[in-house]
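Reading through the structure tokens given below for one structure.
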Amino acid sequence: MEIDMKSKSSILTEVTKFRRDLHKIPELGFFVYRTGTYIRNVLSEFDCSISTIAKTGIVAFFDFGQSETICFRADMDALPIEEETSLPFSSEIEGCMHACGHDGHMANALCFAGILNDYKNEGKKFNYNALLLFQPAEETIDGAKIICGTDIFTRYNVKAIFGLHMWPFLEKGEIATKPGPMMAKSTTVKVEVRGLSSHCGEPEKGHDALLAACRFIDSLYSYKDKHVRKRSILKFGKMKSGNVLNAISDYSRIDGTMRTFEESTWKKLVNAMKHYAKQMSGRYNVDFKIDVSKFHPAVVNDENLYNRIKPTLLNDHINFVELRRPIMIAEDFSFFEEVMPGIFFFLGTGTGTPLHSSDFNFDEDVLVEGVHLFNTIFTKL
């Protein structure tokens with residue numbers, strides 16, 4: 001379907017309504033009940049089968065009579081942020097806001113669903129069936145991982161998955177992606193240090209967990225600056241230690257984040273943490289516990305799939321550009337790409353307002369480009 005000026009106008013009207021309706025009712029994690037009801041009500045008007053996944057997620061299957069399917073994903077959850085946009089369609093939920101563009105992602109997918117429904121009514125045939133996946137709990141890591149543990153992709157014989165994200169630092173309406181690594185592996189780092197408390201007047205009787213934690217951070221940062229050449233991040237942003245000002249701390253906890261692209265870099269930094277933990281344990285007679293078990297894999301776009309669709313994107317999307325290098329932001333779309341080929345895209349808002357800001361907003365007309373993108377992929381792949 002070529003989107004001409006007349007249909008662009010109707011698509012803009014529809015996608016704007018979806019986005020603004022959803023923006024008013026942001027919900028967190030898996031608790032996306034009103035959001036899910038809204039999505040189901042829209043999809044119920046279309047010729048598709050609708051089912052539930054991952055507690056509150058929704059799957060819509062458009063059967064075009066093919067043996068294979070391609071999937072399009074939209075995330076549903078919002079953030080615990082008090083909105084400060086003063087928009088007439090601002091959040092109706094205190095302390096909760098769609099500050100990451102997920103309202104736009106859902107609106108994009110719902111509008112695309114309407115186009116798929118038109119194709120079915122017209123009896124058109126394509127190379128694949130279409131599966132629309134509305135995913136909860138993207139912001140809390142678990143959503144995509146749980147979905148990958150189901151049989152949803154084998155049940156519909158899904159061969160590829162596509163998704164997009166609003167991106168403030170691209171030109172308005174610009175579509176961008178790249179082959180290979182696109183977004184970082186994000187690892188939550190939790191370090192606990194246990195020592196022995198004593199009065200500060202008798203420090204020799206204690207084992208200072210606070211001092212050990214500080215020296216650990218200093219040594220680790222110094223090591224990374226000198227010896228890790230690959231692009232990466234390791235930073236601690238939170239520390240809790242001690243109970244009173246005049247007693248040696250017997251417990252410290254530091255929380256941080258690690259961002260990497262290559263597995264070898266990840267292992268190098270984890271090994272460095274273990275090394276300096278052992279070193280500080282011996283020096284200060286304390287015990288260290290390091291937890292790096294919670295993470296997003298890196299978003300790695302399938303190069304063969306990218307090479308298949310790139311010529312079409314260049315021909316059909318005058319706003320398409322290839323990203324120059326990957327970014328340090330993480331996305332749980334990466335879990336899907338571990339089980340099948342996938343491509344993740346950025347959709348530029350041109351605002352420069354960072355994601356997760358209380359004043360995050362965008363012009364809905366950029367969503368027309370998102371609808372066009374999904375339609376181009378489905379009809380030309």
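The values are calculated or read from the model by the stated rules, or taken from the named source; none is laboratory data. Computed from a predicted structure; not experimentally measured. Don't worry about glycine lacking a Cβ; one is built from the backbone with ideal geometry, like all the others, and counts go over all protein chains shown. The accessibility values were calculated without ligands, DNA or RNA, using every heavy atom of the protein model including side chains. Shrake-Rupley method; radii C 1.70, N 1.55, O 1.52, S 1.80 Å.
Between C148 and S86, the simple label model (points 7 Å from Cα in the Cβ direction) yields a spacing of 4.4 nm.
Between amide H atoms placed 1.01 Å from N, distances below 5 Å from L87 occur with no residue 5 or more places distant or on a separate chain.
A simple rule links phi to the HN-Hα coupling: the Karplus curve 6.51 cos²θ - 1.76 cosθ + 1.60 with θ = phi - 60°, which for the stretch 275-286 gives 4, 6, 5, 5, 5, 6, 4, x, 6, 10, 6, 10 Hz, with x for Gly and Pro. Counting lysine pairs in the stretch 222-381 that sit 8 or more residues apart in sequence, or on different chains, and whose Cα atoms lie under 12 Å apart gives 6. Taking Cα Rg over 2.2 N^0.38 Å as calculated from this structure, the corresponding entry among (i) 1.13; (ii) 0.98; (iii) 1.80 is (i).
When the accessible area of the stretch 139-224 is computed with all protein chains present and a 1.4 Å probe, what percentage of it is carbon and sulfur? Present the calculation step by step, with values, prior to reporting the outcome.
Numbers: 1870 of 3590 Å².
Within the stretch 139-224, the accessible surface is 52 percent carbon and sulfur.
Compute, for the stretch 185-232, the length of the dipole vector about the Cα centre, with Cβ point charges of +1 (Lys, Arg) and -1 (Asp, Glu) only. Units Debye, rounded to 20.
Using only the charged Cβ atoms, the result is roughly 620 debye.
The calculated FRET efficiency for Q66 paired with Y33, based on their beta-carbon distance and R0 = 35 Å, is about 0.60. Here the dipole of the stretch 53-97 is about 280 debye; that uses its Cα centre as origin and unit charges on the Cβ of Lys and Arg (positive) and Asp and Glu (negative).
Simple spin-label estimate for H275 and N41 gives 5.9 nm between the two label positions (7 Å along the Cα-to-Cβ direction from each Cα).
Label separation (D118 vs R324): 3.8 nm, computed from points 7 Å beyond Cα along the C-beta direction. Below 8 Å, C-alpha to C-alpha, sequence gap of six or more: please give me the relative contact order for the chain in percent. Once divided by the residue count of the chain, the mean separation gives 24 percent.
When ranked by the protection proxy of mean other Cβ atoms within 10 Å per residue, highest first, what sequence do the peptides 90-100, 360-370 form?
The peptides rank, most packed first, as 360-370, 90-100.
Centre-to-centre separation between the Cα atoms of the stretch 272-309 and those of the stretch 100-160: 31 Å. Counting charges near E45 (Lys, Arg +1; Asp, Glu -1) among other residues having Cβ under 14 Å from its Cβ returns a value of 0. Considering only S44, F378, G180, the residue lying farthest towards the positive end of the dipole of the chain is G180, judged by Cα position with unit charges set on Cβ.
Across the stretch 101-109, rounded Karplus estimates of 3J(HN,Hα) from the backbone phi angles (6.51 cos²θ - 1.76 cosθ + 1.60, θ = phi - 60°) give x, 5, 4, x, 5, 5, 4, 4, 5 Hz, Gly and Pro being marked x.
Counting heavy atoms of the protein chains only and a 1.4 Å probe, report the per residue accessible area for the chain as a whole number of Å². It would help to have the intermediate numbers written out before the result.
Details: 16950 Å² over 381 residues.
I get 44 Å² per residue for this part.
For A74, the residues whose amide H sits under 5 Å from its own are L133, F134, Q135, ignoring neighbours fewer than 5 places away on the same chain, with H placed 1.01 Å from N. Remark on M166: its backbone amide H falls under 5 Å from those of L347, a criterion applied only to residues 5 or more positions apart or on other chains, H modelled at 1.01 Å from N. Along the stretch 11-24 the Karplus relation, 6.51 cos²θ - 1.76 cosθ + 1.60 evaluated at θ = phi - 60°, assigns HN-Hα couplings of 5, 4, 4, 5, 5, 5, 4, 4, 4, 6, 4, 6, 4, 6 Hz to successive residues, with x for each Gly and Pro.
Summing +1 for each Lys or Arg and -1 for each Asp or Glu, what net charge is found among the other residues whose Cβ lies under 14 Å from the Cβ of E92? Can you show the working numbers first?
Working: positive: R20, K24, R34; negative: D21, E27, E82, E83, E94, D103.
Charge balance near E92 sits at -3.
Rounded to the nearest percent, how much of the accessible area of the stretch 236-381 (1.4 Å probe, protein heavy atoms only) is carbon and sulfur? Show your work: numbers first, answer last.
Details: 3240 of 6890 Å².
Taking all protein chains in place, the stretch 236-381 shows 47 percent carbon and sulfur surface.
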